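Derivation of every value follows stated rules applied to the coordinates shown; laboratory data play no part. The structure presented is a predicted model; accordingly, all values stated were derived computationally and were not measured. Cβ: placed from backbone, ideal geometry, glycine included. Neighbour counts: every protein chain shown.
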Amino acid sequence: MESDNRGVAIGLTLVLAVILSLMPLSGDWIVWKPNFLLLVVMAWVIHWPNDLGILFAASVGLLADIVLRMTLGHSVIAFALCAGAIVLLSRWSQYLSMLQRTLLVALIISSVAVLEASVFIFYDRPSGIEHLPLKILLSMLVWPFIDRLVARLQPKRG
């Protein structure tokens, strides 16, 4: 029964993240909007690294590609890299404080964003790397709320 509750909680948080991702913003604000789907996936993987890992993140990345009308595979790779880093660090991430988890998330988002920007620059496309610092800052400000929401929604471990 607990896995059913967790599935509902995961589904609700993903629906909320999709709504926040699709919420229109005007003008310059759009480039600074955090990737809510990625943050929710990272929160679930941090709290359940053994059950939700790279496959879960890649699946949600595919959903993000479809919903956000991006090139198929773009978010899949980014989400899988983030989840892979968290799974790799999962033994330590469980014991980190909120500030330390926030800094870890910022570091992972920064690394993946720089990798994405490098690929865009390689293919001579606009990378948006100049907006990266503020986007990371806004992600860091949103992260504690997402982390606490996921922590409260997850069923107690047996």
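Based on Cβ point charges of +1 for Lys and Arg and -1 for Asp and Glu, what charge dipole magnitude is obtained for the chain about its Cα centre, in debye rounded to the nearest 20?
The calculated dipole for the chain is roughly 400 debye.
Please build a GNM for the chain, connecting alpha carbons under 10 Å apart, and tell me which residue among Leu132, Leu104, Leu96 fluctuates the most.
Leu96
Calculated from DSSP H runs of 4 or more alone, at -39500 (n - 2.57) each and per residue, what is the 222 nm mean residue ellipticity of the chain, nearest 500?
Computed mean residue ellipticity for the chain: -24000 deg cm²/dmol.
If packing is taken as the average count of other Cβ atoms within 10 Å, what order do 56-65, 144-153 fall into, highest mean first?
Taking the mean over residues of other Cβ atoms within 10 Å, the ranking is 56-65, 144-153.
So what is the relative contact order of the chain, in percent, for Cα pairs below 8 Å that sit 6 or more residues apart?
Here the relative contact order equals 29 percent.
Residues of the range 118-147 with the amide nitrogen closer than 18 Å to a label point 7 Å from the Cα of Met98, along Cα-to-Cβ, please.
In the range 118-147, the label zone of Met98 (backbone N under 18 Å from the point 7 Å along Cα→Cβ) covers 137-147.
Positive end of the dipole of the chain, charges at C-beta (+1 Lys, Arg; -1 Asp, Glu), about the Cα centre: which of Val112, Leu141, Ala57 has its Cα farthest in that direction?
Going by the charge dipole, the pick is Leu141.
Given (1) 35, 16, 11; (2) 28, 18, 14; (3) 25, 17, 15, which label gives semi-axes √(5λ) of the Cα gyration tensor in Å as computed from the coordinates?
(3)
Which of the peptides 46-52, 67-73 is most tightly packed, and how do the rest follow, judged by the mean count of other Cβ atoms within 10 Å per residue?
46-52, 67-73
Helix 132-153 versus the longest principal axis of the chain: what is the Cα-based angle in degrees, 0 to 90, to the nearest 10?
Helix 132-153 sits at roughly 20 degrees to that axis.
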